[in-house]
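Here is the structure we will look at, set down as structure tokens.
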Amino acid sequence: MDYVIIGKNIRRYRLLKGLRQEDLAEDCECSNSHIGQIENARGIPSLEMIVKIANALSVTVDQLLRENYAA
């Protein structure tokens with residue numbers, strides 16, 4: 001898995017939804033610093049966290065994992 005791509009996709013979908021890192025963190029029951037680490041590829045998310053993030057952003061896990069995404 002390419003964690004840089006995952007992080008960029010999470011950030012893009014989060015911003016498209018108008019959420020702050022704090023909002024996404026609250027929805028995923030984690031800290032906003034953890035979301036920041038994931039978005040900046042400094043933290044490796046568990047599969048469970050990727051699923052939580054995808055659900056919070058109303059996207060599929062596939063949309064977070066793939067390099068080319070449709071906005």
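The values are calculated or read from the model by the stated rules, or taken from the named source; none is laboratory data. Given the structure is predicted, the values throughout are model-derived calculations rather than measurements. Virtual Cβ from ideal backbone geometry, glycine too; neighbours counted across all protein chains shown. Note: areas computed on protein heavy atoms with side chains; ligands, DNA, RNA excluded. Shrake-Rupley method; radii C 1.70, N 1.55, O 1.52, S 1.80 Å.
Annotations for the structure displayed:
- Only residues that are in contact (Cβ under 8 Å) with a residue 40 or more places away in the chain and among the hydroxyl-bearing types (Ser, Thr, Tyr) were counted across segment 1-49, and they come to 2.
- Given (1) within 9 Å of the chain's Cα centre (by Cα); (2) open to solvent by 50 Å² or more (accessible area, probe 1.4 Å), number of the condition residue 9 does not satisfy: (2)
- Every condition in (1) under 9 Å from the mean Cα position of the chain (by Cα); (2) modelled with pLDDT under 95; (3) of a type in the set (Lys, Arg) holds for residue 66 except the one numbered (1).
- In segment 35-51, the residues that are over 15 Å from residue 19 (Cα atoms) and either part of a helix (DSSP H, G or I) or charged (D, E, K, R) (or both): 37, 38, 42, 47, 48, 49, 50, 51
- Residue 37 being open to solvent by less than 50 Å² (accessible area, probe 1.4 Å) and among the polar types (S, T, N, Q): no
- For segment 3-31, the set of residues classified as hydroxyl-bearing (Ser, Thr, Tyr) and under 11 Å from residue 53 (Cα atoms) consists of 13 only.
- Test for residue 26: is it of a type in the set (Asp, Glu), outside any helix (DSSP H, G or I) and surrounded by fewer than 18 Cβ atoms within 10 Å (Cβ to Cβ): no
- Residue 66 of a type in the set (D, E, K, R), loosely packed, with under 15 Cβ neighbours inside 10 Å and in contact (Cβ under 8 Å) with a residue 24 or more places away in the chain: yes
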